[in-house]
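Please read the structure below before turning to the comments.
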Amino acid sequence: MNNFECESQNGETHISAVIRDLDGTILNTEQTTKGVLGELLPRYGKVLDREKEDQRLGMTFKESLVAIIKDYDLPITTDCFSEEITPMYQEKWVHAKALPGANRLIQHLYKHEVPFALASNSMRKNIDTKISHQKGWREYFLVILGSDQVKSGKPSPDL
């Protein structure tokens, strides 16, 4: 968690803002969508390689698509692959649960008027879909930023 701390006049530490990631940090989308690629690859006569998939965690969606197509030698463009796999992910996102303590943290920050931002390697439209299933989340975030809204996703500091 990226916290910006300021010392108040009485010497106490005051958190003035919080920036948080989404997938696998406050929302369990990684566990929920884990089997999607394994469901899709057999259509192309391929079998999921768990080691390759573990290396993709944290990539932007576009980077991940390029790597999957290359790693599995798939005869498809990234655009076509995205059109095929995105609806499969969207079906799973409705079942994603907040990770333990996430709702309590979000509500605490909101109650204490600490600005709370979301910065994710997911595309913005996917972020909106994911958080729309979480009660009140959309209203709690002061800023929501996806990797498609900046020049470079994480680990670049653009987000």
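A few comments on the model shown:
This table checks each residue for (1) under 13 Å from the mean Cα position of the chain (by Cα); (2) in a strand (DSSP E or B); (3) not assigned by TED's automatic domain parsing to the domain that holds D21.
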| residue | (1), (2), (3) |
| --- | --- |
| E53 | no, no, yes |
| A119 | yes, yes, no |
| D128 | yes, no, no |
| H133 | no, no, no |
| L145 | yes, yes, no |
| K154 | yes, no, yes |
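- For the range 13-21, the count of residues that are under 17 Å from T129 (Cβ atoms), loosely packed, with under 13 Cβ neighbours inside 10 Å and modelled with pLDDT under 95 is zero.
- Residue within the range 97-120 that is at pLDDT below 90 and not charged (D, E, K, R) present: no
- Number of positions in the range 75-85 that are over 15 Å from E63 (Cβ atoms) and in contact (Cβ under 8 Å) with a residue 24 or more places away in the chain: 3
- Scanning the range 109-118 turns up no residue that is of a type in the set (V, I, T), under 30 Å from H14 (Cβ atoms) and touching a Lys or Arg at 6+ places or on another chain (Cβ under 6 Å).
- Taken over the range 79-106, the residue count meeting the criterion of being outside any loop (DSSP other than H, G, I, E, B) and closer than 20 Å to D23 by Cβ is 17.
- Which numbered condition G58 misses (of (1) in a loop (DSSP other than H, G, I, E, B); (2) touching a helix residue (DSSP H, G or I) at 6+ places or on another chain (Cβ under 8 Å); (3) at pLDDT below 95): (2)
- Condition broken by P75, with the remaining ones in (1) farther than 20 Å from I19 by Cα; (2) at pLDDT below 95 satisfied: (2)
- Some residue of the range 126-138 being buried (at least 18 other Cβ atoms within 10 Å of the Cβ) and without any contact (Cβ under 8 Å) to a residue 60 or more places away in the chain: yes
Condition check ((1) aliphatic (A, V, I, L, M); (2) over 22 Å from H133 (Cα atoms)) across all residues:
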| position | (1), (2) |
| --- | --- |
| G24 | no, no |
| Q31 | no, no |
| P42 | no, yes |
| T60 | no, no |
| D79 | no, yes |
| V94 | yes, no |
| P100 | no, no |
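The values are calculated or read from the model by the stated rules, or taken from the named source; none is laboratory data. Given the structure is predicted, the values throughout are model-derived calculations rather than measurements. Here the Cβ is made from the backbone with ideal geometry for all residues, glycine too, and neighbour counts use every protein chain on show.
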